[in-house]
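*Asks:* There's a structure below that I have some questions on.
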Amino acid sequence: MELGENPDREGLVRTPDRVEQALRFLTSGYGADVDAVLNGALFTVDYNEMVIVKDIDFYSLCEHHLLPFFGRCHVAYIPRRQVIGLSKIPRLVEVFARRLQIQERMTNQIAETIREKIDPLGVAVVVEGTHLCMSMRGVEKQNSFALTSAMLGAFRDHARTRMEFLELIKHRGAAPTSLPEGAGLACVTD
Ligand SMILES: [Zn+2]
């Protein structure tokens, strides 16, 4: 074996099978049907204040190195006519996290899907991710995490709405107080 290991020793014999199983699970988002996930959980209501689901844990795989990136996702939207059952928001995050991803795309996909499904007045998604391809490979950014955001509709157009959201997801001094345009660190691809 190229790594200098003996692939026949006890601990490794079944490893290819286990890796395959793990990868199937970690990429099961490809087979997930967003409509099925949201089925029966879209409700028409007379409510147009901000809805926030914050601190959603996620685990994903960077598509460049197949190493995990993980962290927290915060989602907000302002309903126009419909709301999504609150418990479905973390499920939606999971659908897009369980794929080979880059954080920027995952952030956009979550936001765009909510826009598509309920046509809200605005959607905001902020993702804070730690990337093992940065912290494990000796890249000198061991404690850094990547911050990405997608702001649509009212969150893009109105600074006050955006600030209110960012203020509400602030926690223990670790979260953003403001986001520059296109904030975020790309996965290191060398
Ligand atoms: Zn990577």
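*Asks:* Relative to the present Cα-Cα distance, how much length would full extension add between Arg137 and Gln82 at 0.36 nm per residue of separation?
*Replies:* Values: separation 55, 0.36 × 55 = 19.80 nm, distance 4.49 nm.
Extending this stretch completely gives an extra 15.3 nm.
*Asks:* Between 0 and 90 degrees, rounded to the nearest ten: what's the tilt of helix 103-118 against the longest Cα principal axis of the chain?
*Replies:* Orientation of helix 103-118: about 40 degrees from the principal axis.
*Asks:* Heavy-atom accessible area per residue, the chain, 1.4 Å probe: how many Å²?
*Replies:* Here the per-residue accessible area is 57 Å².
*Asks:* I would also like to ask the following. Compute the angle between helix 88-97 and the longest alpha-carbon principal axis of the chain, please, reported from 0 to 90 degrees and rounded to the nearest 10.
*Replies:* 40 degrees
*Asks:* Using alpha carbons only, how many degrees (0 to 90, rounded to 10) separate the axis of helix 159-168 from the longest principal axis of the chain?
*Replies:* Compared with the principal axis, the helix lies near 60 degrees.
*Asks:* Would you mind calculating the gained length between His64 and Asp33 on full extension (0.36 nm times residue separation, minus the Cα-Cα distance), in nm to one decimal? Walk me through the intermediate numbers first.
*Replies:* Working: separation 31, 0.36 × 31 = 11.16 nm, distance 2.48 nm.
Extra length available between His64 and Asp33 comes to 8.7 nm.
*Asks:* Calculate what fraction, in whole %, of the accessible area of region 4-134 sits on carbon and sulfur atoms when a 1.4 Å probe is rolled over the protein chains.
*Replies:* Working: 3430 of 6760 Å².
Solvent-exposed carbon and sulfur of region 4-134 make up 51 percent of the total.
*Asks:* Sticking with this one: Under 8 Å for C-alpha pairs, at least 6 residues apart: give me the relative contact order for region 1-150, rounded to a whole percent. All intermediate terms of the calculation are to be shown ahead of the outcome.
*Replies:* On the way: 260 pairs, mean separation 35.7, N = 150.
RCO, region 1-150: 24 percent.
The values are calculated or read from the model by the stated rules, or taken from the named source; none is laboratory data. Values in this document were obtained by computation on a predicted structure and should not be read as measured data. Keep in mind that these areas ignore ligands, DNA and RNA; they rest on the heavy atoms of the full protein, side chains included. Shrake-Rupley method; radii C 1.70, N 1.55, O 1.52, S 1.80 Å.
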